[in-house]
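The values are calculated or read from the model by the stated rules, or taken from the named source; none is laboratory data. These numbers come from a predicted model, not from an experiment. A quick note on method: Cβ atoms are made from the backbone with ideal geometry, for glycine too, and the neighbour counts reach across all protein chains shown.
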Amino acid sequence: MLDKKQIAKTFGKKAAEYDTYARVQKYVGSTLLSKFSEHEVSIEGPVLDLGTGSGYFLPEIKKQFPNDPLFALDLSEGMIKHASSKYSSLLAAAVVSDAEHLPFVDNSFAVIYSSMAIQWCEDIDGLLKELCRVVKPGGLIVFSTLLPKTLYELKDAWQTIDQGAHVNRFLDSEVILDAMNQNANVEHFKCEFVTAHYSDLKTLLHSIKGIGANTVVDGSKAMSKGQYKQLIKAYDQCRSVSGQLPATYDVCYGILRVEK
């Protein structure tokens with residue numbers, strides 16, 4: 001079971017430095033934003049950035065929808081404080097809330113944009129029902145999330161040491177697509193691998209920790225010095241011909257058109 005209080009606390013602690021380490025997150029969020037050019041938003045109304053994090057994409061969302069009120073929502077109070085202090089002039093409101101229990105009335109938004117946030121939700125079907133509830137008929141839900149092969153190099157390296165859960169498990173694409181089909185019209189669904197490269201394991205792990213994504217849902221004990229030395233040796237088997245260590249993210253992009 002997800003400990004959402006712990007997840008919110010961990011991400012909140014990293015709010016100020018999040019953008020420094022969020023290379024993959026920036027790429028994925030930008031790719032997701034580009035989808036608006038391919039899918040018309042035919043109705044007017046407020047726009048919600050769900051799981052806004054540091055608020056990095058708020059300026060670009062506002063450029064896409066300059067005349068519509070923009071709302072930011074995140075589970076982490078620390079993230080919301082950071083985003084609202086930096087981008088207050090762009091926002092109609094900044095809200096601390098769980099995405100699975102939104103504090104909005106039915107048909108509140110024309111668009112929900114959510115990049116790499118919904119993997120922290122318990123129930124994908126229940127979540128999409130809730131998102132559809134607050135989106136107007138004809139509106140869009142545009143999201144990206146993570147799939148099971150995320151950080152598979154790190155998982156494989158740990159498997160040579162012990163069988164503990166050191167990397168989070170994420171839903172299969174088939175489960176996500178089925179939930180999408182159950183709740184709205186699927187206009188787009190695509191998966192891809194996105195890989196970042198690092199000079200050494202310390203830098204790689206620091207990058208994961210730097211975005212607050214080091215919370216493991218199933219729990220794991222702190223790494224010992226002995227385990228760290230073993231992990232360096234095991235992960236080194238993944239080193240590329242250019243001498244870099246890869247960290248691969250298994251990403252999917254989805255777009256739903258809400259019809260009621």
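Please verify whether Y87 is in contact with a strand residue (DSSP E or B) (Cβ under 7 Å, 6 or more places away or on another chain) and of a type outside the set (D, E, K, R), treating the condition exactly as stated.
In short, no.
So the check is Cβ under 9 Å with 6+ separation or different chains; which pairs have a first residue in the range 31-51 that's within 12 Å of A110 (Cα to Cα) and in contact (Cβ under 8 Å) with a residue 24 or more places away in the chain and a second one that's part of a loop (DSSP other than H, G, I, E, B) and β-branched (V, I, T)?
V47/V41
Does the range 44-83 hold any residues that are within 14 Å of S115 (Cβ to Cβ) and of a type in the set (A, V, I, L, M, F, W, C), and which are they?
V47, L48, L50, F57, L58, I61, A72, L73, M79, A83
Report, by residue number, each residue of the range 54-70 that is surrounded by fewer than 20 Cβ atoms within 10 Å (Cβ to Cβ) and touching a residue at least 12 places away in the same chain (Cβ under 8 Å).
Listed by number, the residues that qualify are P59, E60, K62, Q64, F65, N67, D68, P69.
Take the range 174-202 and flag every residue that is closer than 30 Å to V241 by Cβ and within 18 Å of the chain's Cα centre (by Cα).
Passing the criteria: K190, C191, E192, F193, V194, T195, A196.
I'm trying to understand the selection: among the residues of the range 91-129, which are over 29 Å from Q182 (Cβ atoms) and surrounded by fewer than 18 Cβ atoms within 10 Å (Cβ to Cβ)?
The answer is A92, A93.
Here are F170, F143: which of them is among the aromatic types (F, W, Y), within 21 Å of A99 (Cα to Cα) and at pLDDT 95 or above?
That would be F143, the only listed residue that is among the aromatic types (F, W, Y), within 21 Å of A99 (Cα to Cα) and at pLDDT 95 or above.
Any chance the range 33-53 includes a residue that's of a type in the set (V, I, T), surrounded by 14 or more Cβ atoms within 10 Å (Cβ to Cβ), under 24 Å from H188 (Cβ atoms) and within 16 Å of the chain's Cα centre (by Cα)?
Yes; the residues of the range 33-53 include at least one that is of a type in the set (V, I, T), surrounded by 14 or more Cβ atoms within 10 Å (Cβ to Cβ), under 24 Å from H188 (Cβ atoms) and within 16 Å of the chain's Cα centre (by Cα).
Evaluate the following for F11: is it in contact (Cβ under 8 Å) with a residue 24 or more places away in the chain, under 28 Å from H197 (Cα atoms) and either crowded, with 18+ Cβ neighbours inside 10 Å or of a type outside the set (D, E) (or both)?
Criteria met by F11.
Between L131, L127, L140, which is closer than 25 Å to F65 by Cβ and assigned to a strand (DSSP E or B)?
L140
Of everything in the range 150-173, what is of a type in the set (A, V, I, L, M) and within 16 Å of A247 (Cα to Cα)? Give them in sequence order.
Hits for the range 150-173 are L151, L154, A157, V167.
Determine the pairs where a residue that is more than 28 Å from L151 (Cα to Cα) and without any contact (Cβ under 8 Å) to a residue 60 or more places away in the chain, located within the range 179-195, has a partner that is surrounded by 15 or more Cβ atoms within 10 Å (Cβ to Cβ) and not charged (D, E, K, R) with Cβ atoms under 9 Å apart, the partner being 6 or more residues away or on another chain.
Q182/L128
I need the full set of residues from the range 187-241 which are part of a loop (DSSP other than H, G, I, E, B), at pLDDT 85 or above and farther than 24 Å from D162 by Cα, in order please.
Of everything in the range 187-241, those that are part of a loop (DSSP other than H, G, I, E, B), at pLDDT 85 or above and farther than 24 Å from D162 by Cα turn out to be S199, S240, V241.
Suppose the filter is surrounded by 13 or more Cβ atoms within 10 Å (Cβ to Cβ) and either assigned to a helix (DSSP H, G or I) or free of Cβ contacts under 8 Å to residues at least 12 places away in the same chain (or both); does A247 pass it?
Criteria not met by A247.
How many residues are at pLDDT below 95 and in a helix (DSSP H, G or I) when one looks only at the range 36-63?
Final tally of qualifying residues: 2.
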